[in-house]
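Below: the structure, in structure tokens.
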Amino acid sequence: MERIQLSAAPRTVVGKQVKHLREEALTPGVIYGHGFEPVPVQFGTRELEAALLRAGSSTLLNIEVAGVAQPYTVIVRDVQRHTLKRFVTHVDMQALSMTETVRVPVSLVLVGESPAVRDLHGMLLQVINEVEIECLPSALIPSIEIDVSGMTELGSALTVGDLVIPQGIKILTLAEEVVVQVSMPEEEEEEVVEAAAAAPAAEVEVVRKRKVEEVPE
């Protein structure tokens, strides 16, 4: 798996003063992990934003911190953004040991074309967009592809248990959870709903008529 390279510098500015880093085109962050104290760092804002555009929740990054001999191998754990302007205000990164498993969410990507959608005018609905996996850092993958070309019937569905994953990865999300399903065309669905709504009223009418007929003269 490709690793994204990124440089950082030790950060001495903490607390409310970090807001002034933005004026210098710098963004604060922290690197934490087992066996060492959290390391406050700062990134060039432009370089960090570019790296985050490429990185997903399961992407490895090599962070070279000035003055530190060995780069940190990390994953992005949390990205805080400005409420309105959406620029990054802070980033948390977890340093990994290549011999210890890690749990991360991985995106699910639909590929292929469903015959039920193409030929029967069904609607493809992706119910969940990611699953949680556990594996060694070296086995991490950026996403899991789901081939929907085998979904030939209306009402068909694929669950987490149907996902095809590389060896060495364990999915922690429940196997029976639905990932994607094909629903009936909107017009047909409305007809079914209308029919179901009308049925109870008809039954009530028949019951009332029977009760009237049963009343003795």
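The values are calculated or read from the model by the stated rules, or taken from the named source; none is laboratory data. All figures in this text were calculated on a predicted structure; none of them were measured in a lab. Here the Cβ is made from the backbone with ideal geometry for all residues, glycine too, and neighbour counts use every protein chain on show.
Quick notes on this one:
- Counting the residues of segment 26-44 that are at pLDDT below 95 and either more than 27 Å from Met98 (Cβ to Cβ) or not in a strand (DSSP E or B) (or both) gives 2.
- Residue pairs meeting the criteria (Cβ under 7 Å; at least 6 apart or on separate chains; first without any contact (Cβ under 8 Å) to a residue 24 or more places away in the chain, in segment 8-32; second surrounded by 11 or more Cβ atoms within 10 Å (Cβ to Cβ) and hydroxyl-bearing (Ser, Thr, Tyr)): Leu21/Thr27; Ala25/Thr45; Leu26/Thr45
- Among the residues of segment 100-133, those that are more than 30 Å from Pro28 (Cβ to Cβ) and either part of a loop (DSSP other than H, G, I, E, B) or charged (D, E, K, R) (or both) comprise Gly112, Glu113, Ser114, Arg118, Asp119, Leu120, His121, Gly122, Val127, Ile128.
- Of all the listed residues (Val91, Val131), the sole one being modelled with pLDDT of 95 or more, assigned by TED's automatic domain parsing to the domain that holds Asn62 and surrounded by 18 or more Cβ atoms within 10 Å (Cβ to Cβ) is Val91.
- Those residues of segment 136-155 which are part of a helix (DSSP H, G or I) and either surrounded by fewer than 19 Cβ atoms within 10 Å (Cβ to Cβ) or not assigned by TED's automatic domain parsing to the domain that holds Val178 (or both), in sequence order: Ser138, Ala139
- Every residue from segment 1-39 that is over 25 Å from the mean Cα position of the chain (by Cα) and more than 20 Å from Val68 (Cβ to Cβ): Gly15, Lys16, Gln17, Val18, Lys19, His20, Arg22, Glu23, Glu24, Ala25
- The C-beta contact set for segment 170-192 (first residue modelled with pLDDT of 95 or more, second residue hydroxyl-bearing (Ser, Thr, Tyr) and surrounded by 14 or more Cβ atoms within 10 Å (Cβ to Cβ), distance under 8 angstrom, 6+ apart or interchain) comprises Ala175/Thr159; Glu176/Thr159; Glu177/Thr159; Val178/Thr159; Val179/Thr159; Gln181/Ser156; Val182/Ser114; Val182/Ser156.
- Being under 25 Å from Ile141 (Cβ atoms), outside the structural domain of Ile133 (by TED's automatic domain parsing), within 23 Å of the chain's Cα centre (by Cα) and without any contact (Cβ under 8 Å) to a residue 24 or more places away in the chain holds for only one residue in Arg77, Arg54, and it is Arg77.
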